[in-house]
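Step one of this worksheet: look at the structure below.
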């Protein structure tokens with residue numbers, strides 16, 4: 001199973017495991033999840049805000065196009081990303097991991 005699912009021509013679901021309070025920001029693909037290390041603590045939504053900002057920079061989309069669908073208060077998150085134009089799954093993966 002991959003960490004990414006295509007739900008429409010412009011939208012994808014990302015299965016993310018967030019690790020807050022890390023020494024540095026980083027990401028790792030373990031197959032099932034995209035593990036993202038965040039420096040912020042999981043207090044007052046700071047880690048979620050950092051996660052959205054991190055994805056925004058990697059994918060080059062507005063933060064309005066990134067939505068936490070499930071897992072706002074836990075480490076396992078389901079995030080929907082909507083692009084303004086159609087992107088292939090491989091292009092999205094290379095943006096994230098490249």
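The values are calculated or read from the model by the stated rules, or taken from the named source; none is laboratory data. Please read these numbers as outputs of a predicted model, since none were measured by experiment. Using ideal geometry, Cβ is built from the backbone for each residue, glycine included, and neighbour counts are taken over all protein chains shown.
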Item to check | Condition met for residue 79 (in a strand (DSSP E or B), in contact with a helix residue (DSSP H, G or I) (Cβ under 8 Å, 6 or more places away or on another chain), over 17 Å from residue 98 (Cβ atoms) and touching a residue at least 40 places away in the same chain (Cβ under 8 Å)) | outcome: yes
Checklist entry - Looking at this structure, is residue 63 surrounded by fewer than 17 Cβ atoms within 10 Å (Cβ to Cβ), at pLDDT 95 or above and farther than 15 Å from residue 5 by Cβ? => result no
Item to check | Which numbered condition residue 31 fails, given (1) surrounded by 14 or more Cβ atoms within 10 Å (Cβ to Cβ); (2) in a loop (DSSP other than H, G, I, E, B) | outcome: (1)
Checklist entry - Can you tell which of 47, 42 is touching a strand residue (DSSP E or B) at 6+ places or on another chain (Cβ under 9 Å), surrounded by 16 or more Cβ atoms within 10 Å (Cβ to Cβ) and part of a loop (DSSP other than H, G, I, E, B)? => result 42
Checklist outcome for this item: Contact list, first residue from segment 18-43 and in contact (Cβ under 8 Å) with a residue 60 or more places away in the chain, second anywhere and in a loop (DSSP other than H, G, I, E, B), beta-carbon distance below 9 Å, six or more apart or interchain, is 29/2; 29/3; 34/3
Checklist entry - How many residues does segment 7-26 contain that are farther than 19 Å from residue 62 by Cα, more than 10 Å from the chain's Cα centre (by Cα) and in a strand (DSSP E or B)? => result 2
